[in-house]
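Working notes, beginning with the structure itself.
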Amino acid sequence: MSTAIVNPLVQEVLDLIGIFAFALSGALLAVRKRFDAVGIAVLAEVTALGGGVFRDLVIGAVPPVAFTDMQYFLTPFAAAALAFFWHPRLARIRRFVLLFDAVGLGVFCVAGTIKALNHGLHPLPAIALGAATAIGGGALRDVLAGDVPALLHPESEIYAVPALVGSSLVALLAVLHDLTPLTAALAALAVRLLALRYGWRAPLARGVSSR
Amino acid sequence: MSTAIVNPLVQEVLDLIGIFAFALSGALLAVRKRFDAVGIAVLAEVTALGGGVFRDLVIGAVPPVAFTDMQYFLTPFAAAALAFFWHPRLARIRRFVLLFDAVGLGVFCVAGTIKALNHGLHPLPAIALGAATAIGGGALRDVLAGDVPALLHPESEIYAVPALVGSSLVALLAVLHDLTPLTAALAALAVRLLALRYGWRAPLARGVSSR
Amino acid sequence: MSTAIVNPLVQEVLDLIGIFAFALSGALLAVRKRFDAVGIAVLAEVTALGGGVFRDLVIGAVPPVAFTDMQYFLTPFAAAALAFFWHPRLARIRRFVLLFDAVGLGVFCVAGTIKALNHGLHPLPAIALGAATAIGGGALRDVLAGDVPALLHPESEIYAVPALVGSSLVALLAVLHDLTPLTAALAALAVRLLALRYGWRAPLARGVSSR
C-alpha cells in the first residue's frame, strides 16, 4: 500500500539529500564544540542515521537500512569531510544548510510514515514514527553534544510541527488512496444525483442542438 | 506461563493508570523547564512509553505495543494537555502525582517481568528487564531534559529498589507456579511422613470415638 | 563464516574480561560522581552491556545475549561490588583498569564485527557495528553520568581509532578467508608462472645431480 506515492529513484535521491543535510548539521555542531575528526564523523553518522535506525528497529526491519545500503552509510562521511576542511566557508552558507535540513526533514517524515504504514502500523502511530524518524537523529545529536534537544525548546515550532504536518498528510493520502474505489463510487453517485437534481448535461458536439 | 497472574482487564486499566502517571511526571518536568507545547507532549510520550518500547525491542515483540495499541499512544497526550492548562493546580496536588507515579512503577515492573518471562527469558534477566521497563522512561525523560537520571542519585532507593522488589516477587511467584505439581507432591509427602511420625489423625465426626 | 577465527572458550573468557573491565570503568565513574549503590550497579551494567545490546538489536539477534547468558548479566555486579568496597585502592591501580579497558575494547570490536558478519552484514557496516559495540557502552555511560562522551573529544584517538583498526582487520581477514580457494588457486598459478619464467626447481635429494 502507498509505496508508489513517490517514484523509488526520486525517493532514494531525496533520501540521500536528506541524509547529507542532516550529517552536515551534525558535523558543523561537532566543529563548533571543538570535537576532533572522530567526533565529527561520529556525530555526522548519528545525526543522519539515528532516526532511521530507530524507525527500522521499531517496525522490525532489521538490520536497519543504514547497515545494509552502503550509500546511506558512506554519505555522512562525505559531509563530515566537507565540514572538517571547509567549515569556515560553510558557516557563511548556513542558510543553505538550513534549507537542506528542511529538505531532509520533509523527506524523512514522509519516508518514515510510508515505511511505517507499509509495515502495517495504524495511521496515528505511523504519523508519530514518521515524525520520530525526522527529528530523532537531531535529538540524539544534541544529547551526545551535551545540549537539550532543540525540538523541546520554544523555537521548536519551526521543527517538530512541519514534521508532524508532513507525516499526517502522507497518512491521510494513504488512507484516502486505500479508499479509492469507495471514494470514486461515492463521487460518481454524488455527481449523478446532482446532475439529476440540477439537470446537468454533457456538452454536445458543436452545432448539435440538445433537442 | 504466568499470564493469568493478573486479570487482563485489570492489567490494562492499571497499565493505563501507570502510563498516565508517568506521562504527567514528564509533562510537569517540561513545564518546569519552560519547554513549549511540543516539548511537553514529546516528554510526556517518551516518559510514559520509553521503558515499554525498550522492553519490547529486547524481547523481539515488534512493533512495540506503544505503536499498535492506540490507548497507549493517546493517553500521554491527555496528560500533556492537563499539564499544559492546569499545571499550577497540579503542582499543589504533587502528592497525588507521586502516588500515581508509585502505582505506575508497581504496575510496570510487574507487567514487564511477566512479559519477559512469557517470552522465555530466565527469571534473573526477566527481573532486570521488568525493573528497566519501570525506570527506563524516567531515565530517558531526565537525560532529554538535561538532568542526570534521578535513579542514579542517592535518593534513588525510593525508586529503583521497589521496582526490583516487585519484579523479583513476580519472578519468584512465576517459578513457584511452574513448580506447582512438584511442590504439591512434596508437600503431600511431607505431611504424610510427619503424620506417620507423630501419629496425626484427621478429626472424626463429632461423637465418634477413634477406637 | 569466520566464526572459527577464535576458539569459542577463549572468546568467552575474553568477553567476560572485557565486560568486567568496562563494568569497572562505569562503577568507578559512578563512585566519583557520588552516585549510590543502585547508581553504581546500573552504570556498571549499562557500560558493560550497552554496546552489545545495541549490536544484537541491530542484527535482529533478540533477546540480546546480555539477557540470555547469566554470566554476561552477573559479571558487572561483581565489578560494581568491587568498586563499592575497594574504590580507594582501585584508584591507585587505575593503570590496570586502563589496561583491562583496552582488552575490553579489543575483544568487543572483534566479537562485534564477527557477529555482524555472521548475520550477513557487508564488511563496511560490520566494521562500523563492531566499533559501535566497543564504544557504545562507554558513550551511554558518559551521557547517563551527565558528561559529553569521551570518544567525541580530542583525546578520542586513543579510543575510537583502535576499535576501528581492530574491526577493519577482522573484516579484512574474514573477506580473505572467504576467498581462500580463489586466493590459493591464484597463488599457485602465480608461483607456477614465476617458476617457469625463472627456472625455479624443487631441491633434489642430497647428492643427486639435477642433470
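Find how much the distance from residue C:17 to residue C:34 grows on full extension, using 0.36 nm per residue of separation minus their present alpha carbon separation; answer in nm with one decimal.
Taking residue C:17 through residue C:34 to full extension adds about 3.6 nm, to one decimal.
Mind checking the per residue accessible area of the range B:3-198 for me, 1.4 Å probe, whole number of Å²?
In whole numbers, the range B:3-198 has 48 Å² accessible per residue.
Quickly work out the residue B:193-to-residue A:85 label distance, labels modelled 7 Å from Cα along the C-beta direction, and quote it in nm with one decimal.
8.2
What does the structure give for C:140-153 when I average, per residue, the other chain Cβ atoms found within 10 Å of the residue Cβ?
Per residue, the average neighbour count from other chains is 5.
Report, for residue B:161, each distance to the same residue's label point in the other copies, shortest first and in nm; define the point 7 Å along Cα→Cβ.
From this label point to the equivalent ones elsewhere in the assembly: 4.7, 4.7 nm.
Would you mind listing the distances between the residue C:34 label point and the same position in each other copy? Use 7 Å along Cα-to-C-beta, nm, one decimal, shortest first.
2.7, 2.7
When only C-alpha pairs under 8 Å and at least 6 residues apart count, what is the relative contact order of the range B:3-198, in percent? Present the calculation step by step, with values, prior to reporting the outcome.
Details: 259 pairs, mean separation 46.3, N = 196.
Computed over the range B:3-198, the figure is 24 percent.
Between residue A:74 and residue C:9, what is the label-point separation in nm under the 7 Å Cα-to-beta-carbon projection?
According to this spin-label approximation, the distance is 4.4 nm.
Which order do peptides B:106-112, B:26-32, B:83-89 fall in by mean Cβ count within 10 Å, highest first?
Final packing ranking: B:106-112, B:26-32, B:83-89.
Can you list the HN-Hα couplings for the range C:8-15, worked out from phi with the Karplus curve (6.51, -1.76, 1.60; θ = phi - 60°), rounded to whole Hz and with x for Gly and Pro?
x, 5, 4, 4, 5, 5, 4, 3
What does the average come to when, for each residue of peptide A:161-167, you count the partner chain Cβ atoms lying within 10 Å of its Cβ? Walk me through the numbers on the way to the answer.
Numbers: counts 2, 0, 1, 2, 0, 0, 0.
For peptide A:161-167, the averaged partner shielding equals 1.
For label points placed 7 Å from Cα toward Cβ, what is the shortest-first list of nm distances from residue B:69 to its copies?
3.3, 3.3
Nearest 100 Å² is fine: what is the total accessible surface buried where chains B and A meet, probe 1.4 Å?
Buried: approximately 1700 Å² between A and B.
Please compute the average number of Cβ atoms from other chains found within 10 Å of each residue's Cβ in peptide B:62-71.
The shielding value for this peptide is 5.
For the range A:47-85 and the range C:109-137, what is the centre-to-centre distance using only Cα atoms, to the nearest Å?
Cα centres, the range A:47-85 to the range C:109-137: 15 Å.
Could you pull out which residues in the range C:127-141 have an amide N less than 16 Å from a spot 7 Å beyond the Cα of residue C:177, following the Cα-Cβ vector?
Counting backbone N atoms under 16 Å from the label point, the list is C:127, C:130.
Taking the mean number of other Cβ atoms within 10 Å as a proxy for protection, how do you rank C:34-41, C:134-141 from highest to lowest?
Values: C:34-41: 20.8, C:134-141: 25.6.
Descending packing order for the listed peptides: C:134-141, C:34-41.
The values are calculated or read from the model by the stated rules, or taken from the named source; none is laboratory data. All of these numbers come straight from a predicted model, not from anything done at the bench. A quick note on method: Cβ atoms are made from the backbone with ideal geometry, for glycine too, and the neighbour counts reach across all protein chains shown. Calculation scope for accessible area: heavy atoms of the full protein, side chains included, ligands and nucleic acids excluded. Shrake-Rupley method; radii C 1.70, N 1.55, O 1.52, S 1.80 Å.
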